[in-house]
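Data block below; observations after.
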Amino acid sequence: MIGAKLKIALLYDLWNEDPVAAAAKEEADATRKPHKKVKKAKKEKTDREEIFEALQKLGHEPSYFELDGRPTSLHSLSRCDADLIFNLTESFDGDDTKEMNVVAYVDLLGLRYTGAGPHAIFMSQDKAIAKKIFAFHGIKTPFFATAYRGRIEHAHDISLPLIVKPSCEDGSIGIDAGSVVKSVKEMMERVEYIQNEFDSPALIEEYIEGREIYAGVLGSYETAHVLPLVELDLSRLPEGTPKIASYDVKFEKNTEAYKLTKSSIAVNLDEDTVKRLEDTALAAYRALKLRDYGRIDMRLAPNGDVYVIEANPNPWLASRQEFAMAAKASGLSYTEMIGSIVDLAMGRYLNGNVATAATTR
Ligand SMILES: Nc1ncnc2c1ncn2[C@@H]1O[C@H](COP(=O)(O)OP(=O)(O)O)[C@@H](O)[C@H]1O
Ligand SMILES: [Mg+2]
């Protein structure tokens, strides 16, 4: 069936949009012709628009499927007749801890979908759990403690400086200049802030000074391979600002932090270091049972030690983002990259590989 024309539904959620605006948008969309929405966003295409176009170029039949956080959208999904779901969901009704539930639901419906299964999303999203699994596999990750409302859930004997972050968020939510703390007082204040602001346990990690390296991984199980490494250069951030990928660095285009930082293919890494970064990324990818595609975020300490900061199942696929940048450097056009993800997902379902059956669904 690979190579055949597939009906592919791009499943996405209304992440971070308020329900009133979403309802208004839905009403407006209903009165429009389906393709108008794609054409309208002239300035910068969204990832789903880019993927839609790539799927068309590949000869597939893409369509959008919006999960708006209401049960009715789940009911509609149960009637979806697509050959494959291209999964771009990150939350349900704005709650990103429900990302795995969406995938589990798609699984229950017996639909095929791209990317990580619910178990991998669960293990990756709870960073403390991911770190415990890394430790089991001998993968270096910063020492840490977790605290929630006065209760210490786990504690290494950690030393300052530390970075305090929500233990189950991503997209650098809750990560700003105040995240890196240099005293116990600052740490306790930040833990309280994380608990109050996000109602989340705080992950208190040893801060690793060093280069920020991202490894895109494409493939599943034995076919997984690392794409060219990407570095986020944080060195131009102003003196006194911690060199971290804060929310501003990632998303706030009008901030100095955004303008002064840039991702590009990593250079000036010797062969041995590249190998260690790649091996670490693959080990982390496999340990958390990621599949099809993923991105492992690492820090390379000045002494050459490689630390995994986190694993991202289903990373952002916009053409300007690190994963597509890495794929391009490996020789894949954006369309080919999307095609590979479709083929990898379909391959998992169609090959009927008994050895991986338990983890493929
Ligand atoms: N232990 C750490 N040492 C140094 N920098 C860190 C550490 N943990 C996080 N960071 C910085 O904060 C950024 C965001 O942290 P991360 O855990 O990846 O959160 P998110 O899931 O929101 O991307 C990282 O990309 C890195 O720049
Ligand atoms: Mg990250």
Self-check item: Residue match in the stretch 251-265 (condition: part of a helix (DSSP H, G or I) and under 17 Å from the mean Cα position of the chain (by Cα))
Solution: yes
Quiz prompt | Check on ASP47, over 21 Å from SER319 (Cβ atoms) and either modelled with pLDDT under 90 or not assigned by TED's automatic domain parsing to the domain that holds SER333 (or both) | solution = no
Practice problem: Looking only at the stretch 315-324, decide whether some residue is of a type in the set (A, V, I, L, M) and farther than 17 Å from ILE51 by Cα. | Solution: no
Practice problem: Would you tally the residues in the stretch 77-114 being surrounded by fewer than 17 Cβ atoms within 10 Å (Cβ to Cβ), touching a residue at least 40 places away in the same chain (Cβ under 8 Å) and in a helix (DSSP H, G or I)? | Solution: 2
Practice problem: Identify, from the list LEU218, LEU260, the residue that is out of contact with any Asp or Glu (no Cβ under 6 Å at 6 or more places or on another chain), under 19 Å from ASP297 (Cα atoms) and more than 16 Å from ligand 2 (Cβ to nearest atom). | Solution: LEU218
Quiz item: Taking the stretch 223-258 as the region of interest, how many residues are away from ligand 1 (no atom under 12 Å from the Cβ) and aromatic (Phe, Trp, Tyr)?
Solution: 1
Practice problem: Just name the residue that is farthest from the chain's Cα centre (by Cα) out of those in the stretch 301-321 that are within 15 Å of ligand 2 (Cβ to nearest atom) and within 17 Å of LYS140 (Cα to Cα). | Solution: TYR307
Self-check item: Counted residues, the stretch 197-234 - those being at pLDDT below 95 and surrounded by fewer than 17 Cβ atoms within 10 Å (Cβ to Cβ)
Solution: 6
Practice problem: For the stretch 147-186, name all the residues that are surrounded by 15 or more Cβ atoms within 10 Å (Cβ to Cβ), outside any loop (DSSP other than H, G, I, E, B) and within 13 Å of ligand 1 (Cβ to nearest atom). | Solution: LEU162, ILE163, VAL164, LYS165, PRO166, SER179, VAL180, VAL181
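The values are calculated or read from the model by the stated rules, or taken from the named source; none is laboratory data. All values reported here derive from a predicted model rather than from experimental measurement. We place every Cβ from the backbone using ideal geometry, glycine too, and count neighbours over all the protein chains shown.
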